[in-house]
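The values are calculated or read from the model by the stated rules, or taken from the named source; none is laboratory data. Worth saying up front: this structure is predicted, and the values here are computed from it rather than measured. Here Cβ is always computed from backbone atoms with ideal geometry, including for glycine, and neighbour counts include all displayed protein chains.
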Amino acid sequence: MAGCSYERLVCHARCWSGEYLCTFNYVKIMSYLQKSPWIIHYDASSCNGCDIEILACLTPLYDVERFGILNTGNPKHADIFVITGGVNEINKEVVQNIYDQMPHPKVVVAVGICACSGGVFKECYNISGGVATVIPVDVYVPGCAARPESIIDGIVQALGILEQKRTTMKTGVEGTV
């Protein structure tokens, strides 16, 4: 089990070389979810490396849909905002609009080093920086390009934060979430 350092990981699939790929324990994840989380993905201005890896998570090899995670095109249906690429002046308003249209509670996942900090494009004239320059980010998934296992781990972390936010909203107790 190469790369399986977390106790929440369980190996379910093999890659083409015969090594085990690590996916997450379905029972452990779904035990604290009240509904299937839906994600919306937006490419802020990436090189498409991270976008391809996000799409790989939806393929049968990684199959995040077995956790009930669905990719939607409507922000009004989404719980988790997955964003790739550095934010530039042109798409700042688009990112803010998508975020504002999402219902509460919502979680933002920045995928790739460009979404986290601006990456190698940070010093470019048209890049404002990472996603956090426009909207609050809950989970950072670094990498260039981020691996599907890392993206799934980030989404699972986002699920925990989403449930904490739901609990906080229900009880009315304010805290740092």
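Just one of (1) touching a Gly at 6+ places or on another chain (Cβ under 7 Å); (2) within 17 Å of GLU53 (Cα to Cα); (3) surrounded by 17 or more Cβ atoms within 10 Å (Cβ to Cβ) trips up VAL87, so point out which.
It fails just one condition, (2).
State whether one or more residues within the stretch 149-167 are at pLDDT 90 or above and under 25 Å from SER36 (Cα atoms).
Scanning the stretch 149-167, I find no residue that is at pLDDT 90 or above and under 25 Å from SER36 (Cα atoms), so the answer is no.
Looking at the stretch 134-144, can you tell me whether even one residue there is out of contact with any helix residue (DSSP H, G or I) (no Cβ under 8 Å at 6 or more places or on another chain) and surrounded by 16 or more Cβ atoms within 10 Å (Cβ to Cβ)?
Looking through the stretch 134-144, none of the residues is out of contact with any helix residue (DSSP H, G or I) (no Cβ under 8 Å at 6 or more places or on another chain) and surrounded by 16 or more Cβ atoms within 10 Å (Cβ to Cβ).
Can you list the helices (runs of 4 or more DSSP H) lying wholly within the stretch 65-177 that have 3 or more residues being in contact (Cβ under 8 Å) with a residue 24 or more places away in the chain and under 16 Å from ASP43 (Cα atoms)?
Fully inside the stretch 65-177 and qualifying: 92-101, 113-117.
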